[in-house]
Each structure stands twice: as structure tokens, then as C-alpha cells.
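Accompanying notes for the structure given below.
The values are calculated or read from the model by the stated rules, or taken from the named source; none is laboratory data. In this text, all values refer to a predicted model and were calculated from it rather than measured experimentally. With ideal geometry, Cβ positions are generated from the backbone for all residues, glycine too; neighbour counts draw on all protein chains shown.
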Amino acid sequence: MNSQPPNDLPVYRLLTGKDDAAFCRSVSEALALGYQLYGSPAMTFNGTDTIVAQAILWGG
């Protein structure tokens, strides 16, 4: 088990973006690296797009 995330990434991250396949890929890639979901996702609407956020913690 690695005690630190790779590539100088922080232990805590908040991933945000438009609710699309690219956002889902970024969350999936973080999980594959060893991050774990932290808390519930959040959503808002900016008048055009649904914007989502998901906190993750290093669990590697």
C-alpha cells in the first residue's frame, strides 16, 4: 500500500466538472489509482449544464 498518491497529487481532491463522460472518466481514473470516494456527490445547474462535484481521499 502506498502511503502517498502518485505524481505529487494531493491526498484530498475535489473533482468538479460538467456531468458528462469526461467527468465520469476522471472519477474512474482516480479510483483506479487508489483514491476512495468521500461523501456524497453534489450537483448544481448553471443555466446550461449540470455541474457535479465529488470529493475523494487517497486510500492507496
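Worth a mention:
- The C-beta contact set for segment 36-60 (first residue at positive phi, second residue at pLDDT 95 or above and assigned to a strand (DSSP E or B), distance under 7 angstrom, 6+ apart or interchain) comprises 39/55.
- Sub-6 Å Cβ pairs linking a first residue in segment 1-12 that is hydroxyl-bearing (Ser, Thr, Tyr) to a second residue that is surrounded by 11 or more Cβ atoms within 10 Å (Cβ to Cβ), at least 6 apart or interchain, are 12/57, ordered by first then second residue.
- Residue 53 surrounded by fewer than 10 Cβ atoms within 10 Å (Cβ to Cβ), of a type in the set (Gly, Ala, Ser) and out of contact with any helix residue (DSSP H, G or I) (no Cβ under 7 Å at 6 or more places or on another chain): no
- Residues of segment 17-53 that are β-branched (Val, Ile, Thr) and closer than 18 Å to residue 5 by Cβ: 27 alone.
- Count of segment 1-11 residues which are out of contact with any strand residue (DSSP E or B) (no Cβ under 6 Å at 6 or more places or on another chain) and not in a helix (DSSP H, G or I): 6
- Residue match in segment 22-43 (condition: in a loop (DSSP other than H, G, I, E, B), loosely packed, with under 14 Cβ neighbours inside 10 Å, of a type outside the set (Gly, Ala, Ser) and more than 12 Å from the chain's Cα centre (by Cα)): no
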